[in-house]
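Beneath this line is the structure, given in structure tokens, with notes to follow.
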Amino acid sequence: QVKKQCDQKLLIRMKTKCVPCSLNLDTQCPAGYTKITNGTGTPDCRYYLETKTQTLSFLGCRHRCVKEFQQPECCQGHWGPDCMGK
């Protein structure tokens, strides 16, 4: 039996919104995503607070999230909707 379907595993990555690190403990990833950072996340972003006279910038935290995605693909030498080919 020749394998006709060779699905590709894709990893989709995203980051949550930048917030004050102390508020980031309970941040959840969007549905279907898995959180790969712990605690308050990664302190690698800035968030802004607007006052009447100025905009203040602070170091913030965000979480990284990943989602596995199966991309349907035919093996080499096969093609078409059901990967028959040849």
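I need a count of the residues in segment 1-22 that are surrounded by fewer than 10 Cβ atoms within 10 Å (Cβ to Cβ) and either at pLDDT 95 or above or outside any loop (DSSP other than H, G, I, E, B) (or both).
The qualifying residues number 4.
Counting just the residues of segment 47-56 that are loosely packed, with under 10 Cβ neighbours inside 10 Å and hydroxyl-bearing (S, T, Y), which one comes out nearest to M14 (Cα to Cα)?
T55
Quick one: would you say L25 is more than 29 Å from C75 (Cα to Cα), outside any strand (DSSP E or B) and not hydroxyl-bearing (S, T, Y)?
Numbers: more than 29 Å from C75 (Cα to Cα): yes; outside any strand (DSSP E or B): yes; not hydroxyl-bearing (S, T, Y): yes.
Considered against the rule, which asks whether it is more than 29 Å from C75 (Cα to Cα), outside any strand (DSSP E or B) and not hydroxyl-bearing (S, T, Y), L25 comes out as yes.
Residues of segment 47-67 being part of a strand (DSSP E or B) and over 19 Å from the mean Cα position of the chain (by Cα), which ones? Before the answer, list the steps.
Narrowing segment 47-67 to residues part of a strand (DSSP E or B): 47-50, 55-62, 64-67.
Residues satisfying the conditions are Y47, Y48, L49, E50, T55, L56, S57, F58, L59.
Answer yes or no as to whether C83 is touching a residue at least 60 places away in the same chain (Cβ under 8 Å), assigned to a loop (DSSP other than H, G, I, E, B) and surrounded by 14 or more Cβ atoms within 10 Å (Cβ to Cβ).
yes
Report, by residue number, each residue of segment 6-34 that is under 15 Å from R64 (Cβ atoms) and touching a residue at least 40 places away in the same chain (Cβ under 8 Å).
Residues satisfying the conditions are L11, I12, R13, M14, K15, T16, K17, C18, V19, C21.
Going through F69, F58 one at a time, which residue ends up being touching a residue at least 60 places away in the same chain (Cβ under 8 Å) and of a type in the set (F, W, Y)?
F69
Can you tell me which residue among Q28, Q70, Q76 is surrounded by fewer than 13 Cβ atoms within 10 Å (Cβ to Cβ) and over 16 Å from the mean Cα position of the chain (by Cα)?
Q76
The values are calculated or read from the model by the stated rules, or taken from the named source; none is laboratory data. Treat the numbers as computed from the prediction; the structure is a model and nothing was measured. Please note: Cβ atoms are built from the backbone with ideal geometry, for glycine as well, and neighbour counts cover all protein chains shown.
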